[in-house]
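The values are calculated or read from the model by the stated rules, or taken from the named source; none is laboratory data. Note that this is a predicted model, so its numbers are computed, not measured. Here the Cβ positions follow ideal geometry from the backbone for every residue, glycine too, while neighbour counts run over all protein chains shown.
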Amino acid sequence: MTIFDLLHENALLDNDLLRKNDAMGDKFDDPRDVDFAFKTNDKQRADDLSEYINGKNFGNASVAAVVEGEYRVLCVIHMPINQPLLCSVSGFMVCLSRLFQVEYDGWGSIIQKP
């Protein structure tokens, strides 16, 4: 799959999740911790991605072993999730996943209600 296909698919998924959150009354402009997740079977790639994200101050990333031989990188960014901002950051995460040859597993956050 090309990077353009991945970005297109990711944008559709992001917008679907934003619509679901909107239906539950989420206040998109309220900042909150947003988790961006990656997974890989290669510990070194997980460590490299985490170090890169932290070194460039893109977010606060950590590596955890999920099961033996599978690693998760979780990048937490405190931000609002209005559509242009969230989709841009999520698209950037797709690009990072390609650069570091890991799988981007999407984002999540706690819904903010008034």
Report summary line: Exactly one of Ala37, Ala65, Ala46, Ala61 is surrounded by fewer than 18 Cβ atoms within 10 Å (Cβ to Cβ), touching a strand residue (DSSP E or B) at 6+ places or on another chain (Cβ under 7 Å) and either more than 20 Å from Leu13 (Cβ to Cβ) or among the hydroxyl-bearing types (Ser, Thr, Tyr) (or both), and that one is Ala65
Report summary line: Here the qualifying pairs (Cβ atoms under 6 Å; residues six or more apart or on different chains; first in the range 1-28 and closer than 13 Å to Ile81 by Cα; second among the hydrophobic types (A, V, I, L, M, F, W, C)) come out as Asp14/Cys87; Asn21/Ile111; Asp26/Ile111; Phe28/Ile81
Query raised in the report: Before we move on, is Ile81 modelled with pLDDT of 95 or more, farther than 20 Å from Gln101 by Cβ and touching a helix residue (DSSP H, G or I) at 6+ places or on another chain (Cβ under 8 Å)?
Result: yes
Requested in this report: Scan the range 74-94 and give yes if some residue there is farther than 19 Å from Gly108 by Cβ and either surrounded by 19 or more Cβ atoms within 10 Å (Cβ to Cβ) or charged (D, E, K, R) (or both), otherwise no.
Outcome: no
Report summary line: Every listed condition ((1) exposed (fewer than 14 other Cβ atoms within 10 Å of the Cβ); (2) of a type in the set (A, V, I, L, M, F, W, C); (3) out of contact with any Ser or Thr (no Cβ under 9 Å at 6 or more places or on another chain); (4) at pLDDT 95 or above) holds for Leu13 save (3)
